[in-house]
Amino acid sequence: MNLLQYQPGESFLHKLNPVTKLLAVFLYCVACIISDSIFVELGLIFLMLIICFFAGLGKRALSLTKNLLILGGMMFILQLLFVRTGTPLLKIGSLCIFTTGGVFSALLLSCRIIATMLPMMLLFAITQMTDLCGAMVKRLHIPYRYAFIVTTAFRFVPLFTSEFHDIEDAQKARGVEYDTKNIFKKIGLVVPLVVPLLMSSLKKVDAGAMSAEVRGFNLRTVRSGYRDYPFAAGDGVCIALTVVLIIISALL
Amino acid sequence: MIQFEDFSFRYKSSEAFALQGISMTIENGAFVGIIGNSGAGKSTLTYTLSGIIPHHFDGDFYGSVKVNGLDTVEVKPEKLAQFVGEVFQDIDSQMVSSIVEDEILFGMENFGVPHDEIGRRLDSVLDMLGIRDLKDRQISSLSGGQKQKVAIAAILAMDPEIIVLDEPTGELDPASSIMIFDILRRLNREFGKTVIVVEQKIMLLCEYVDRLLVMDAGKIVFDGRSEEIVQQVPLFKNLGINVPRVVELGQQLTAAGLYHGAIPLDLDQAEKMVKEVLADAGV
Ligand SMILES: Nc1ncnc2c1ncn2[C@@H]1O[C@H](COP(=O)(O)OP(=O)(O)OP(=O)(O)O)[C@@H](O)[C@H]1O
Ligand SMILES: [Mg+2]
């Protein structure tokens, strides 16, 4: 399953204004970044999971967390090997492998990464890209042109991957071995596919631009959008709560 | 009204002319069908109507094309888009949204159609094409035929005076193809829309269009009423385009001296012919 894919629903999270969702995620991330306490980071991860469970997104949030744990683990090892403060914890001969300061900052960093990435990725689970862009045009007066480019880019990601798999299948049918474990060999096999893929994608983008042009794309103004994306009381509450969260994490 | 005056076009990257020496007029309210082999220039001809040629495709442009009196070289495509709506041949790449409803809204939003009018038109095209249940679906999850209906709905929602469709039934089953042509006929007869449709199914063209253009190698080799194709069977044979089987049958029966009436063009007429022949034979 695509981790960034939209998951339709009617929950209180889904119903928030897209601009609110974006701002709330941003504030949530700020709370994660300003905190220097591992417990606060863990608390923020836990809080996010609970909110998701109530919004019916529990499964999705857990599988995201699992994926993020891998990233967190990698960052943990890197940080562990590079931070040299505190007293040495593991030594081989006279060579110090890691220190107490390293363990602390590595734990903090990997928790912080998980805590910030989780809400960002959940944003895509509860928001259609078109709604996000539409609301930013309507409410924040972002030029429609940019919003259109972003939605188009997102639209092309699945097209691109499915086309890539088609080509890969065709190559496999001709007896090319893709299941090789050797990463260099794999790269050597994939690179020749990228060029024709890019060419055909560029052609598609061009045809899309043509279609947009003859349907009056250049006439678009902020006021012509059909959907209104009004703010409601829930949006205010949501933002207020995230601000409180920032204050708490700054104080603790 | 659309006027071609000694129009020729050659794509920048190619040696041969894609269209050559086109001179014709298409009156308002006409229902025109275009048929021809692959590479004959049918799509290129449709591009000239929406201004994509010369504004999007570079090349050598000779003569003139005027749509509602506007020279397509001089006005921008968005100006032409106010009269001309075009459904392109490549269904996938003409989509601009990820959701069906957004795709249909796109043109109307761009033109600043008033809010309640948008809602009305949206409902009307969804019902007209029978795709109401697809409204909230991801376009990437639709079948080819469903996408084709969405593409047509998106153009009809813009309510253009001139509707151009490039092989709109390519992905559709026979029943849906007939549905599309019924819609086009209604738009043509009830609302006076000019309809120009590229179509490979000769039977549909014979039944629905008033005027048929046959293209070959960048030229219009036949331009007339669809009934006239009865006299053009050799031309069609030469180009490898199938004439309706009922026409062939009618000609064979006439040649055999069994039938003396008008050559049938559709199934109803064919049925009458066969009944007549059988009655004459005393069956
Ligand atoms: N973008 C382009 N650049 C260069 N040559 C082109 C381009 N598009 C079409 N042609 C050429 O112009 C000629 C007419 O093409 P066109 O697409 O109009 O044919 P068509 O009748 O629509 O064919 P089909 O039935 O396959 O859709 C062909 O020889 C084609 O190779
Ligand atoms: Mg074509």
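The values are calculated or read from the model by the stated rules, or taken from the named source; none is laboratory data. Fair warning: this is a prediction, and the values are worked out from it, not measured in the lab. Cβ placement follows ideal geometry from the backbone for every residue including glycine, while neighbour counts extend to all protein chains displayed. These accessible areas exclude ligands, DNA and RNA; they are computed on the full protein's heavy atoms, side chains included. Shrake-Rupley method; radii C 1.70, N 1.55, O 1.52, S 1.80 Å.
When A:Val243, A:Val191 are checked against the criterion of being exposed (fewer than 11 other Cβ atoms within 10 Å of the Cβ) and either of a type in the set (Val, Ile, Thr) or within 30 Å of A:Cys32 (Cα to Cα) (or both), A:Val191 stands alone in meeting it. Among residues of segment B:37-67 being on the phi > 0 side of the Ramachandran plot and assigned to a strand (DSSP E or B), the one that is farthest from ligand 1 (Cβ to nearest atom) is B:Gly63.
Note on segment B:195-212: residues that are within 10 Å of the chain's Cα centre (by Cα) and of a type in the set (D, E, K, R) total 1. Set side by side, the residues B:Ile178, B:Ile163, B:Ile183 differ, and just one is open to solvent by less than 20 Å² (accessible area, probe 1.4 Å), in a helix (DSSP H, G or I) and more than 16 Å from ligand 1 (Cβ to nearest atom), which is B:Ile183. Looking across segment B:9-34, the residues that are of a type in the set (Phe, Trp, Tyr) and either within 16 Å of ligand 2 (Cβ to nearest atom) or part of a loop (DSSP other than H, G, I, E, B) (or both) come down to B:Phe9, B:Tyr11, B:Phe17.
The single residue among A:Leu44, A:Leu80 that is surrounded by 20 or more Cβ atoms within 10 Å (Cβ to Cβ), touching a strand residue (DSSP E or B) at 6+ places or on another chain (Cβ under 7 Å) and either within 24 Å of A:Ala125 (Cβ to Cβ) or in contact (Cβ under 8 Å) with a residue 24 or more places away in the chain (or both) turns out to be A:Leu80. A single entry from A:Ala212, A:Ala232 fulfils the requirement of being among the small types (Gly, Ala, Ser), within 8 Å of another protein chain (Cβ to nearest Cβ) and touching a residue at least 60 places away in the same chain (Cβ under 8 Å): A:Ala212. In summary, B:Asp173 fulfils each of the numbered conditions (1) outside the structural domain of B:Ala40 (by TED's automatic domain parsing); (2) over 16 Å from the mean Cα position of the chain (by Cα); (3) open to solvent by 20 Å² or more (accessible area, probe 1.4 Å) with the single exception of condition (1). In this structure, does A:Lys203 turn out to be closer than 30 Å to B:Val164 by Cβ and outside the structural domain of A:Thr20 (by TED's automatic domain parsing)? Here the answer is yes, as A:Lys203 does meet what is asked. Residues of segment A:215-226 that are over 15 Å from B:Gly107 (Cβ atoms) and either more than 8 Å from chain B (Cβ to nearest Cβ) or buried (at least 17 other Cβ atoms within 10 Å of the Cβ) (or both): A:Val222 alone.
Looking across segment B:93-105, the residues that are surrounded by fewer than 24 Cβ atoms within 10 Å (Cβ to Cβ), of a type outside the set (A, V, I, L, M) and facing another protein chain (nearest Cβ under 7 Å) come down to B:Ser93, B:Ser97, B:Ser98, B:Asp102.
When segment B:73-110 is filtered for residues that are hydrophobic (A, V, I, L, M, F, W, C), part of a loop (DSSP other than H, G, I, E, B) and either over 21 Å from the mean Cα position of the chain (by Cα) or within 16 Å of ligand 2 (Cβ to nearest atom) (or both), the ones remaining, listed by number, are B:Val73, B:Val75, B:Phe88, B:Ile91, B:Val96. For segment A:182-194, the criterion of being touching a Phe, Trp or Tyr at 6+ places or on another chain (Cβ under 9 Å), facing chain B (nearest Cβ under 8 Å) and not polar (S, T, N, Q) is met by none of the residues. Residues that are over 30 Å from B:Gln138 (Cβ atoms) and loosely packed, with under 12 Cβ neighbours inside 10 Å within segment A:156-184 comprise A:Arg174, A:Gly175, A:Glu177, A:Asp179, A:Lys181, A:Asn182, A:Ile183, A:Phe184, listed in sequence order. The single residue among B:Val221, B:Val214, B:Val195 that is assigned by TED's automatic domain parsing to the domain that holds B:Ile2, assigned to a strand (DSSP E or B) and more than 16 Å from ligand 1 (Cβ to nearest atom) turns out to be B:Val195.
A quick yes/no check of all residues on (1) away from every other protein chain (no Cβ under 14 Å); (2) within 16 Å of ligand 2 (Cβ to nearest atom):
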{"position": "B:Gly36", "(1), (2)": "yes, yes"}
{"position": "B:Gly41", "(1), (2)": "yes, yes"}
{"position": "B:Thr46", "(1), (2)": "no, yes"}
{"position": "B:Ser50", "(1), (2)": "no, yes"}
{"position": "B:Ile53", "(1), (2)": "no, yes"}
{"position": "B:Phe61", "(1), (2)": "yes, no"}
{"position": "B:Ser64", "(1), (2)": "yes, no"}
{"position": "B:Asn68", "(1), (2)": "yes, no"}
{"position": "B:Asp71", "(1), (2)": "yes, no"}
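Here B:Leu126 clears all of (1) part of a helix (DSSP H, G or I); (2) of a type outside the set (S, T, N, Q); (3) open to solvent by 30 Å² or more (accessible area, probe 1.4 Å) except the condition numbered (3). The single condition among (1) part of a helix (DSSP H, G or I); (2) at pLDDT 90 or above that A:Phe231 does not satisfy is (1). Of the helices (runs of 4 or more DSSP H) lying entirely inside segment A:57-162, those containing at least 3 residues that are aliphatic (A, V, I, L, M) and within 15 Å of the chain's Cα centre (by Cα) span A:58-82, A:100-126. Of everything listed in (1) surrounded by fewer than 15 Cβ atoms within 10 Å (Cβ to Cβ); (2) outside the structural domain of A:Leu13 (by TED's automatic domain parsing); (3) out of contact with any Leu (no Cβ under 7 Å at 6 or more places or on another chain), the single unmet condition for A:Ala232 is (2).
Looking at A:Gly101, A:Gly56, A:Gly86 in this structure, which one is modelled with pLDDT under 85 and touching a Lys or Arg at 6+ places or on another chain (Cβ under 8 Å)? Exactly one of A:Gly101, A:Gly56, A:Gly86 is modelled with pLDDT under 85 and touching a Lys or Arg at 6+ places or on another chain (Cβ under 8 Å), namely A:Gly101.
Can you tell me which of (1) buried (at least 19 other Cβ atoms within 10 Å of the Cβ); (2) more than 29 Å from the chain's Cα centre (by Cα) is the one B:Leu278 doesn't meet? The failed condition is (1).
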